[in-house]
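Asks: Dropping a structure here in structure tokens format, bear with me for questions.
The values are calculated or read from the model by the stated rules, or taken from the named source; none is laboratory data. Computed from a prediction, not measured in an experiment: that's the story for all the values here. Reconstructed Cβ throughout: ideal geometry from the backbone, glycine too, with neighbour counts over all protein chains shown.
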Amino acid sequence: MVEMGEPAPMAVRDIERILDVARDLAKPRDLHTLLSDIVDAVREVLDAERGSVFLHDSATGELYTTVATGTGEIRVPPGRGIAGECAQTRAVINVPDCYEDPRFDRSFDTRTGYRTRSLLAVPLIGHDDALVGVMQVLNRRGGPFRPEDQRVATALAAQCAVALQRHRLLAEMVEKEKMRRELEVAREIQMCFLPRQIPEISGYEITGWSRPADLTGGDVFDAVRAGDDRVVLLLGDATGHGVGPALSVTQVRSMLRMAIRLDADLDATARHINDQLSADLTDNRFVTVFLAVLDASTHRMRYHAAGQAPILHLDGATGDCQALGSTTMPMGLLDGLPKGKAVEVEFGPGDVFAVLTDGIYEREGPDGDMLGTDRVVDLLREYRDRPIGALADAIVDAADRFGAGAPQADDMTILLIRRRPA
């Protein structure tokens with residue numbers, strides 16, 4: 001019992017101060033300010049000269065601090081020194097005379113001219129039992145740190161750990177939201193590179209469709225008029241999906257448009273695009289490309305399929321379908337594209353030419369089975385007398401239904417060409 005008029009026990013004042021610190025640490029602030037406030041609060045409560053908060057780097061196991069009174073950044077290898085041992089054992093370490101303790105590293109004192117007499121190291125353990133860091137307090141003014149100081153420091157450490165975890169989570173959320181907004185802008189820009197309107201070519205229907213697996217994707221298609229009866233067609237699929245592949249296929253589309261402006265022929269265009277990609281892409285990156293010129297006056301189409309296959313050619317009269325292979329290797333793998341000869345096909349009345357990226361063919365169902373070529377061929381036959389847009393919609397719908405609501409694993413893109421029936 002405490003008699004009337006007697007000063008309140010130290011424990012009560014400590015609890016009140018700890019609560020004040022907890023309320024203070026709940027305020028929003030940047031990490032540097034938060035760490036400085038933690039150090040100041042701990043020094044004040046424990047009447048110590050200096051303090052520091054070491055954060056735990058989960059990737060390297062190191063402890064590091066950018067806020068330590070009287071010094072600059074310090075990095076501690078795993079298990080080294082008193083702070084390292086505190087992190088490993090997750091136990092409070094109270095050293096009354098640092099120069100008598102072999103674990104103490106005197107190099108910091110030697111470098112700064114400061115003399116550390118006593119030290120209290122307390123682990124910062126988060127609410128999920130994860131190690132957040134180590135709080136270290138130096139030189140209590142009244143002598144070595146006492147057992148009651150350890151209890152106060154442990155309570156403060158719990159509040160500090162929660163504050164640091166909260167700050168880290170908020171920072172990650174802000175960064176993710178920033179990245180999401182930037183990716184949405186990138187998606188808008190990328191979608192602008194898809195043709196807003198397919199050129200109308202007498203006697204033909206052409207359509208394209210694309211949907212990335214992420215906010216940005218590694219697929220592209222294009223259709224550019226190159227005269228009254230000619231159209232240049234492109235479908236590209238870069239390895240992977242996301243920002244990097246999106247830049248690659250956007251580069252292919254831009255180079256194609258430039259080649260058309262310069263009136264370059266099909267073979268030269270394919271060669272120059274490949275050589276530029278080879279110079280720009282890393283060794284493990286490439287782009288499969290379908291590049292063609294359709295001449296409606298002759299009903300012939302010449303194309304290169306650089307790693308892009310299968311390409312489906314449906315006979316409008318018989319319903320027979322050929323699955324054509326690639327004509328050369330993917331672009332960007334090797335400077336000087338092997339001279340695969342451009343293939344020429346002839347369109348008969350009602351013929352359909354379908355170029356799809358592997359995101360369509362490899363769309364997985366719940367049992368792990370893939371949509372595959374045969375199902376797409378069945379749709380080509382079923383819709384061969386329907387408008388080309390209806391066929392594209394049917395392929396997309398079939399892929400989505402086959403996936404049964406599972407997340408899309410790869411970008412999906414379609415390019416369809418149909419000669420109108422006579």
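Asks: Among what's in the range 138-155 and is of a type outside the set (Gly, Ala, Ser) and farther than 23 Å from Phe108 by Cβ, pick the residue that is surrounded by the fewest Cβ atoms within 10 Å (Cβ to Cβ).
Replies: The selected residue is Pro147.
Residues are listed down the side, and each one gets a yes or a no for (1) touching a strand residue (DSSP E or B) at 6+ places or on another chain (Cβ under 8 Å); (2) under 21 Å from Gly403 (Cα atoms):
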{"site": "Pro349", "(1), (2)": "yes, no"}
{"site": "Val352", "(1), (2)": "yes, no"}
{"site": "Ile360", "(1), (2)": "yes, yes"}
{"site": "Asp367", "(1), (2)": "no, yes"}
{"site": "Val377", "(1), (2)": "yes, yes"}
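Asks: Answer yes if at least one residue in the range 126-137 is without any contact (Cβ under 8 Å) to a residue 40 or more places away in the chain, buried (at least 16 other Cβ atoms within 10 Å of the Cβ) and either more than 13 Å from Phe54 (Cβ to Cβ) or among the polar types (S, T, N, Q) (or both), and no otherwise.
Replies: So far as the range 126-137 goes, yes, one or more of its residues are without any contact (Cβ under 8 Å) to a residue 40 or more places away in the chain, buried (at least 16 other Cβ atoms within 10 Å of the Cβ) and either more than 13 Å from Phe54 (Cβ to Cβ) or among the polar types (S, T, N, Q) (or both).
To keep it simple, each residue is scored yes or no on (1) modelled with pLDDT of 95 or more; (2) in the same structural domain as Gly350 (by TED's automatic domain parsing); (3) over 27 Å from the mean Cα position of the chain (by Cα); (4) not hydroxyl-bearing (Ser, Thr, Tyr).
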{"residue": "Pro366", "(1), (2), (3), (4)": "no, yes, no, yes"}
{"residue": "Leu380", "(1), (2), (3), (4)": "yes, yes, yes, yes"}
{"residue": "Arg386", "(1), (2), (3), (4)": "no, yes, yes, yes"}
{"residue": "Val396", "(1), (2), (3), (4)": "yes, yes, no, yes"}
{"residue": "Gly405", "(1), (2), (3), (4)": "no, yes, no, yes"}
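Asks: Moving to a separate point now. Picking from Glu346, Glu362, which residue would you name as being farther than 23 Å from Val287 by Cα, in the same structural domain as Pro407 (by TED's automatic domain parsing) and acidic (Asp, Glu)?
Replies: Glu346
Asks: Same structure, new question: If we scan the range 107-130, do we find a residue that is at pLDDT 90 or above, farther than 16 Å from Thr65 by Cα and among the acidic types (Asp, Glu)?
Replies: Taking every residue of the range 107-130 in turn, none turns out to be at pLDDT 90 or above, farther than 16 Å from Thr65 by Cα and among the acidic types (Asp, Glu).
Asks: So, one more: Under 7 Å between Cβ atoms, at least 6 apart or on separate chains: pull out the pairs that start in the range 146-162 with a residue that is more than 17 Å from Leu35 (Cα to Cα) and end on any residue that is modelled with pLDDT of 85 or more and not in a helix (DSSP H, G or I).
Replies: Asp149/Leu120; Asp149/Arg140; Gln150/Val92; Gln150/Asn94; Gln150/Leu120
Asks: When the residues of the range 187-208 are narrowed to those that are in contact with a helix residue (DSSP H, G or I) (Cβ under 8 Å, 6 or more places away or on another chain) and surrounded by fewer than 19 Cβ atoms within 10 Å (Cβ to Cβ), which ends up modelled with the lowest pLDDT?
Replies: Residue satisfying both the conditions and the ranking: Phe193.
Asks: Every residue in the range 210-221 that is surrounded by fewer than 19 Cβ atoms within 10 Å (Cβ to Cβ) and in a strand (DSSP E or B), please.
Replies: Within the range 210-221, Arg211 is the sole residue that qualifies.
Asks: Do you know which residues across the range 220-234 are in contact with a Leu (Cβ under 8 Å, 6 or more places away or on another chain) and modelled with pLDDT under 90?
Replies: If the condition is that a residue be in contact with a Leu (Cβ under 8 Å, 6 or more places away or on another chain) and modelled with pLDDT under 90, then Val220 is the only one that fits.
Asks: Give the residues of the range 104-125 that are among the charged types (D, E, K, R), part of a loop (DSSP other than H, G, I, E, B) and loosely packed, with under 15 Cβ neighbours inside 10 Å, sorted by residue number.
Replies: Across the range 104-125, the qualifying residues are Arg106, Arg115.
Asks: If you don't mind, another one. Which of the residues spanning the range 134-171 are under 20 Å from Ser58 (Cβ atoms) and either among the aliphatic types (A, V, I, L, M) or not assigned by TED's automatic domain parsing to the domain that holds Ile38 (or both)?
Replies: Val134, Met135, Ala157, Ala158, Ala161, Val162, Ala163, Leu164, Leu169, Leu170, Ala171
Asks: Could you say whether any residue in the range 360-376 is of a type in the set (Gly, Ala, Ser), outside any loop (DSSP other than H, G, I, E, B) and in contact (Cβ under 8 Å) with a residue 40 or more places away in the chain?
Replies: The answer is no, given that none of the residues of the range 360-376 is of a type in the set (Gly, Ala, Ser), outside any loop (DSSP other than H, G, I, E, B) and in contact (Cβ under 8 Å) with a residue 40 or more places away in the chain.
Asks: Could you list all residues from the range 25-56 that are surrounded by 14 or more Cβ atoms within 10 Å (Cβ to Cβ) and either modelled with pLDDT under 65 or assigned to a loop (DSSP other than H, G, I, E, B) (or both)?
Replies: Answer for the range 25-56, where residues must be surrounded by 14 or more Cβ atoms within 10 Å (Cβ to Cβ) and either modelled with pLDDT under 65 or assigned to a loop (DSSP other than H, G, I, E, B) (or both): Leu25, Arg29.
Asks: While we're here: State which residue is nearest to Ala158 (Cα to Cα) when the search covers only the range 78-102 and only residues that are at pLDDT 90 or above and among the charged types (D, E, K, R).
Replies: Arg90
Asks: If you don't mind, there's one more thing I want to ask. How about the range 117-146: which of its residues are polar (S, T, N, Q) and over 14 Å from Val92 (Cα atoms)?
Replies: Within the range 117-146, Asn139 is the sole residue that qualifies.
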